[in-house]
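See below for the structure under consideration.
The values are calculated or read from the model by the stated rules, or taken from the named source; none is laboratory data. Just so we're clear, the structure is a prediction, and the values are computed from it rather than from any experiment. With ideal geometry, Cβ positions are generated from the backbone for all residues, glycine too; neighbour counts draw on all protein chains shown.
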Amino acid sequence: MVSPTILVSQEGAQSVIKVVGKGSFHNASLVKSYAERVTDLGVNTFTIDLQECPHMDSTFMGVLAGLARVQKQSGGSSPRLVNVNSRNAELLLTLGLDRILQLEASPADTDVELQPLHHPTTGKTEVASTMLEAHRNLIEANRENESKFQDVIKFLEDKLGRKAD
């Protein structure tokens with residue numbers, strides 16, 4: 001079993017994020033905070049390499065949907081997901097995320113040196129908050145997802161003491 005790791009590279013306005021192991025709520029906050037940080041530095045093109053990512057959960061996919069929303073609002077390009085296996089492609093298609101993300105089975109055309117992102121201590125509240133935002137992103141990306149995730153959102157709102165925005 002591969003220990004999930006997020007590897008990154010940033011050069012100019014471009015960033016590569018490689019997911020090694022499962023993309024899940026455990027590492028979604030790390031991807032989200034990295035993307036926010038480099039977007040503030042002018043990055044507007046993201047390539048996410050899923051070659052070594054056998055599966056993604058809804059929180060992780062919701063973070064990718066949020067990244068796509070932010071990129072669209074800032075005039076950047078849709079995040080490009082490369083080396084997408086059939087299982088992940090099916091998950092993304094089922095949630096309608098193919099409308100906002102560029103999915104490619106082919107390898108990345110970049111040859112960059114990747115560095116591991118280190119996990120800061122993430123509290124349960126931050127993880128729950130990321131999960132809530134991610135699931136809201138999934139609904140914003142495709143209204144048909146509302147019935148799939150309304151119970152998750154309600155649970156997380158109750159847990160965090162928040163109401164729908």
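May I ask you to list pairs of residues, at least six apart or on different chains, whose Cβ atoms are under 6 Å apart, with the first in region 36-63 being within 19 Å of ARG87 (Cα to Cα) and the second being of a type in the set (Gly, Ala, Ser) and in a helix (DSSP H, G or I)?
Close Cβ pairs (under 6 Å, with a partner that is of a type in the set (Gly, Ala, Ser) and in a helix (DSSP H, G or I)) amount to THR59/ALA28; THR59/ALA134; PHE60/ALA28; GLY62/ALA134; VAL63/ALA28; VAL63/ALA134.
Name the single residue, out of those in region 45-81 being closer than 14 Å to GLY23 by Cβ and over 12 Å from the mean Cα position of the chain (by Cα), that is surrounded by the most Cβ atoms within 10 Å (Cβ to Cβ).
CYS53
Determine which member of the set GLU90, GLU113 is loosely packed, with under 12 Cβ neighbours inside 10 Å and at pLDDT 95 or above. Break it down stepwise before answering.
Numbers: GLU113 fails: at pLDDT 95 or above.
The conditions single out GLU90.
Quick check: anything in region 27-43 part of a loop (DSSP other than H, G, I, E, B) and in contact with a strand residue (DSSP E or B) (Cβ under 9 Å, 6 or more places away or on another chain)?
To start, the set of residues in region 27-43 that are part of a loop (DSSP other than H, G, I, E, B) comprises 41-43.
Adding the requirement that they be in contact with a strand residue (DSSP E or B) (Cβ under 9 Å, 6 or more places away or on another chain) leaves 41, 43.
Yes, the conditions are met somewhere in region 27-43.
Has region 111-129 got any residue that is touching a strand residue (DSSP E or B) at 6+ places or on another chain (Cβ under 7 Å), within 15 Å of VAL19 (Cα to Cα), free of Cβ contacts under 8 Å to residues at least 60 places away in the same chain and among the β-branched types (Val, Ile, Thr)?
Within region 111-129, the subset touching a strand residue (DSSP E or B) at 6+ places or on another chain (Cβ under 7 Å) is 112-117.
Now restrict to residues that are within 15 Å of VAL19 (Cα to Cα): 112-117.
The next check asks that each one be free of Cβ contacts under 8 Å to residues at least 60 places away in the same chain; those that pass are none.
Among the residues of region 111-129, not one is touching a strand residue (DSSP E or B) at 6+ places or on another chain (Cβ under 7 Å), within 15 Å of VAL19 (Cα to Cα), free of Cβ contacts under 8 Å to residues at least 60 places away in the same chain and among the β-branched types (Val, Ile, Thr), which makes the answer no.
Residues being crowded, with 18+ Cβ neighbours inside 10 Å and either over 21 Å from ASN83 (Cα atoms) or out of contact with any His (no Cβ under 8 Å at 6 or more places or on another chain) (or both): count how many of those fall in region 1-24.
Summing the residues that are crowded, with 18+ Cβ neighbours inside 10 Å and either over 21 Å from ASN83 (Cα atoms) or out of contact with any His (no Cβ under 8 Å at 6 or more places or on another chain) (or both) in region 1-24 gives 9.
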